[in-house]
Amino acid sequence: CQRRPWDAKCPEFQRGIALFNHAKFFEAHEVLEDIWRPMDASDTDRICMQGIVQVAVALHHQSTGNRTGALSVMRRAARNLAPAKDKAFGVRMDRLRAALNDWIHALEQHGNPTAPKIEFLRECE
């Protein structure tokens with residue numbers, strides 16, 4: 001995907017999301033960060049992609065027992081994803097944002113929330 005590697009149809013983006021959804025958060029972060037880094041600073045999608053990378057980082061922190069770091073990074077991720085269009089990158093951002101808010105709330109209450117999943121839009125959506 002030369003033009004828009006963050007498009008839902010791009011194999012590298014799909015691979016990053018698949019790693020994420022299989023709880024391989026460090027690996028997902030690496031793949032997604034390689035998509036995010038070269039994005040033009042003026043591209044409005046860049047902040048949203050940064051938010052997705054941050055979600056993977058936060059979940060990696062949680063998986064290693066760093067709850068404080070996880071919560072801090074997840075809050076930043078939620079802020080970066082807040083202005084994203086509901087269908088940004090071909091992803092169900094509406095569901096992802098809701099899941100992140102639930103995850104943050106559960107962690108604030110000292111729970112051990114399960115990791116959210118990132119869902120791609122179906123063709124008809």
**OP:** Could you tell me how many degrees, from 0 to 90 and to the nearest 10, lie between the Cα long axis of helix 25-36 and the main elongation axis, the longest principal axis, of the Cα atoms of the chain?
**Re:** 40 degrees
Original post:
So how tilted is helix 67-81 from the main axis of the chain? Cα-based, degrees 0 to 90, rounded to 10.
Top reply: 40 degrees
Original post:
To one decimal place, what Kirkwood hydrodynamic radius in Å is obtained for region 28-111 from all pairs of distinct Cα atoms?
Top reply: 13.0 Å
Original post:
Shape of region 23-75 from its Cα gyration tensor (a ≥ b ≥ c, root eigenvalues): rounded if a/c is under 1.5, otherwise prolate when a/b > b/c, or oblate?
Top reply: oblate
Original post:
When the Karplus curve 6.51 cos²θ - 1.76 cosθ + 1.60 is applied with θ = phi - 60°, which whole-Hz ³J(HN,Hα) does each residue of region 108-120 get, with x for Gly and Pro?
Top reply: 4, 8, 6, x, 10, x, 7, 5, x, 10, 9, 9, 7
Original post:
Taking a probe of 1.4 angstrom, what is the accessible area of His22 in Å², to the nearest 10?
Top reply: 130 Å²
Original post:
Karplus couplings for region 48-65 from phi (6.51 cos²θ - 1.76 cosθ + 1.60, θ = phi - 60°), rounded to Hz, Gly and Pro as x?
Top reply: 5, 5, 4, x, 5, 4, 5, 4, 4, 5, 4, 5, 5, 4, 4, 5, 9, x
Original post:
What residues have an amide H closer than 5 Å to that of Val91, excluding those fewer than 5 places away on the same chain, when H is modeled at 1.01 Å from N in the peptide plane?
Top reply: Leu121
Original post:
Based solely on its DSSP helices, what 222 nm [θ] is calculated for the chain when runs of n ≥ 4 H residues each add -39,500 (n - 2.57) and the sum is averaged over all residues, nearest 500 deg cm²/dmol?
Top reply: -19000 deg cm²/dmol
**OP:** Straight distance only, please: which lysines reach the Cα of Lys24 with their own Cα at less than 16 Å, same-chain residues fewer than 8 apart left out?
**Re:** Lys117
Original post:
Dipole size in debye (nearest 20) for region 31-120 around its Cα centre, Lys and Arg Cβ +1, Asp and Glu Cβ -1?
Top reply: 160 debye
Subject >> Estimated vicinal HN-Hα couplings, Hz - region 38-45 in sequence order (Karplus 6.51, -1.76, 1.60; Gly, Pro = x) >> reply: x, 4, 4, 4, 8, 6, 5, 6
Original post:
Once label points are set 7 Å from the Cα along Cα→Cβ at both Asp34 and Ala106, what is their separation, rounded to one decimal in nm?
Top reply: 3.0 nm
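The values are calculated or read from the model by the stated rules, or taken from the named source; none is laboratory data. Model, not experiment: these values are computed from the prediction. Counting neighbours? That spans all protein chains shown, and the Cβs are built from the backbone with ideal geometry, glycine included. For accessibility, only protein heavy atoms count, side chains too; no ligands or nucleic acids. Shrake-Rupley method; radii C 1.70, N 1.55, O 1.52, S 1.80 Å.
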